[in-house]
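The values are calculated or read from the model by the stated rules, or taken from the named source; none is laboratory data. Quantities reported herein were computed from a predicted structural model and do not represent experimental measurements. Here the Cβ is made from the backbone with ideal geometry for all residues, glycine too, and neighbour counts use every protein chain on show. Just so you know, the surface numbers come from the protein's heavy atoms only, side chains and all, with ligands and any DNA or RNA stripped out. Shrake-Rupley method; radii C 1.70, N 1.55, O 1.52, S 1.80 Å.
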Amino acid sequence: FLFVPPVEVKIEVVIPEKERSKEEMSPNGKASPLIYKVNGTARHYHLEEHPIASNPYHHPKDMVEASVCHVKDLENGQMREVDLGCGKALLIKESGEFHAVGHKCPHYGAPLVKGVLSKGRVRCPWHGACFNIGTGDIEDFPGLDSLPRFQVKIEKEKVYIRASKQALQTQRRTKMMAKCISLSNYNLSSTNVLIIGAGAAGLVCAETLRQEGFSDRIVMCTMDRHLPYDRPKLSKSMDSHPEQITLRPKEFFRSYDIEVLTEMQVAAVDVKNKTAVFKDGFKMEYNKLLIATGNTPKALSCKGKEVENVFNIRTPEDANRVVKLATSKNVVIVGASFLGMEVAAYLAERAHSVSVVELEEVPFKKFFGERVGRAVMKMFESNRVKFYMQTEVSELREQEGKLKEVVLKSGKVLRADVCVVGVGAVPATGFLKQSGINIDSKGFIMVNKMMQTNIPGVFAAGDAVTFPLALRNNKKVNVPHWQMAHMHGRVAALNMLAHGMEISTVPYLWTAMFGKSIRYAGHGEGFDDVVIQGDLDELKFVAFYTK
């Protein structure tokens, strides 16, 4: 894991044949998706007509062509950012062939020229998303969109790129998707695919089904009041509002007939009758089911745990409220977890004081080892964060119902206006206890490499599962990373369509604190040695976890 000359060419945006045929497959009837907003038991179904968007890349006036370099300017295995006047492209030469695609990662806009080119794919330097240089398609995550691909031609030893102005400006391409053939014929209480959970796994599953030409009904349900959003930002960018971090706008779900039931909790699954029973008694039959419920934060069990201003960061509203209450006040964070440490880093400049309480002797010890953990701790201490290690909270004291003090088992009393709890999480699978779906002793759903459970037609994905990890000899692991949830959703969708796809991706996570980024690739659980190259004190190093 790692802390981390102008030219001339021609480009045209080309839709791969496979996707063009999908576009032709799309029904063009007037059926529209039903996004239902469910409030209590009253349900309002809105059926709206929506025009089918025409392909933006077919207008000649939208096209631009430019000479970008000489054929000898690039060696095999080299990439170059080139300017076409109204936008840039990434020019790549591999195995003697030139390719041109968007130059920014659609996830957070990283410059792909600083990434890694290998075996026909370019990998993002920030968060590891991976794109096929021939098609622009996203092949590893995070992120939802692919890169636009541009046409390259060689004339008189010069490289030309022909491109759509719109694609050069947006730097992203949403794959062609099917639509639902006729929603008006459906019984509202039955669906072909039901997805429980609207995080990354659930959303990628729904999108992948549509990308593969699936034109039957898809319903997603979530306990959240929002459409799917970028959950990692809750602790990294705490004052983001829900609309700023939404993964797809409302119009997207309408356009592709992906129905979303918000504020709906599934209470039980009857696998024999292929039915999900909701908390309010509503029942929905399904043909294929994906369970992607994620996890539930652990609460404190000490005296006074009900006092006001004690938070688990679960929603954008939680994060926003904490920032508001913490500004110029005293904050105590319980647990030096990723969430706890990211919150501490975010609030360090805003709060009057930030204290972290942790049972271990250094943060991240189990994950990063003692030496790296100490280096991270030192960085926090130099940013005014105080640590109280190898102790726990014994009591939360209040004044007029609101938090006033946090009492530690060591006897220390900390002044506190706000407390954020980050002591880990448990899989949100309690509703499956009597279902017959195999769950391990910790509550994780056990799946195979195709994300299938022991029940035919029932799949599971994301933070709530254990799955066989190829790079660790198929050891059953739980990997609660944002990138992995995306991949689980994709693999589950492809196997609902009987593609026989097995997961083989490498786990990847990142965290950002005080302007430093820590990136971790692989699965080092059970390491017995850490080999460090570089300078730990300067936080410029690579650490290898070995066994």
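Suppose the filter is open to solvent by less than 40 Å² (accessible area, probe 1.4 Å), touching a Pro at 6+ places or on another chain (Cβ under 8 Å) and assigned to a helix (DSSP H, G or I); does LEU209 pass it? Here the answer is no, as LEU209 does not meet what is asked. Being open to solvent by 30 Å² or more (accessible area, probe 1.4 Å), assigned by the TED database to the domain that holds GLY462, closer than 30 Å to HIS352 by Cβ and not hydrophobic (A, V, I, L, M, F, W, C) is a condition met by no residue of the range 263-280. When the criteria are applied in full, LYS475 fails the requirement of being over 25 Å from PRO297 (Cα atoms), open to solvent by less than 50 Å² (accessible area, probe 1.4 Å), touching a Pro at 6+ places or on another chain (Cβ under 9 Å) and not aliphatic (A, V, I, L, M).
Checking HIS99 against (1) closer than 30 Å to PRO427 by Cα; (2) open to solvent by 10 Å² or more (accessible area, probe 1.4 Å); (3) not in a loop (DSSP other than H, G, I, E, B), which single condition isn't satisfied? With (1) closer than 30 Å to PRO427 by Cα; (2) open to solvent by 10 Å² or more (accessible area, probe 1.4 Å); (3) not in a loop (DSSP other than H, G, I, E, B) applied to HIS99, the lone miss is (1). Of everything listed in (1) buried (at least 18 other Cβ atoms within 10 Å of the Cβ); (2) touching a helix residue (DSSP H, G or I) at 6+ places or on another chain (Cβ under 9 Å); (3) of a type outside the set (A, V, I, L, M), the single unmet condition for HIS241 is (1).
Yes/no per residue for (1) out of contact with any strand residue (DSSP E or B) (no Cβ under 8 Å at 6 or more places or on another chain); (2) buried (at least 23 other Cβ atoms within 10 Å of the Cβ); (3) under 21 Å from GLU207 (Cα atoms); (4) at pLDDT below 90:
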{"position": "LYS156", "(1), (2), (3), (4)": "yes, no, no, no"}
{"position": "VAL159", "(1), (2), (3), (4)": "no, yes, no, no"}
{"position": "LYS165", "(1), (2), (3), (4)": "no, no, no, no"}
{"position": "GLN169", "(1), (2), (3), (4)": "yes, no, no, no"}
{"position": "ARG173", "(1), (2), (3), (4)": "no, yes, yes, no"}
{"position": "ILE181", "(1), (2), (3), (4)": "yes, no, yes, yes"}
{"position": "TYR186", "(1), (2), (3), (4)": "yes, no, yes, yes"}
{"position": "ASN192", "(1), (2), (3), (4)": "no, no, yes, no"}
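Scanning the range 320-345 for residues that are open to solvent by 60 Å² or more (accessible area, probe 1.4 Å) and either within 25 Å of GLY199 (Cα to Cα) or touching a Pro at 6+ places or on another chain (Cβ under 7 Å) (or both) yields a single hit, ARG321. Among the residues making up the range 112-143, those that are closer than 25 Å to CYS86 by Cβ, part of a loop (DSSP other than H, G, I, E, B) and in contact with a Ser or Thr (Cβ under 8 Å, 6 or more places away or on another chain) are THR135, GLY136, ASP137. Condition first: open to solvent by 40 Å² or more (accessible area, probe 1.4 Å), in a helix (DSSP H, G or I), under 15 Å from VAL420 (Cβ atoms) and not acidic (Asp, Glu). Can you find one or more residues in the range 296-319 that meet it? Among the residues of the range 296-319, not one is open to solvent by 40 Å² or more (accessible area, probe 1.4 Å), in a helix (DSSP H, G or I), under 15 Å from VAL420 (Cβ atoms) and not acidic (Asp, Glu), which makes the answer no. Restricting attention to the range 451-465, the residues that are open to solvent by 10 Å² or more (accessible area, probe 1.4 Å) and within 28 Å of TRP126 (Cα to Cα) total 1. When every residue of the range 228-235 is checked against the conditions, at least one turns out to be open to solvent by less than 40 Å² (accessible area, probe 1.4 Å), among the charged types (D, E, K, R) and more than 30 Å from GLU405 (Cβ to Cβ). Looking at (1) crowded, with 16+ Cβ neighbours inside 10 Å; (2) out of contact with any Phe, Trp or Tyr (no Cβ under 6 Å at 6 or more places or on another chain), which is the only condition VAL420 fails? Just one mismatch for VAL420, condition (2).
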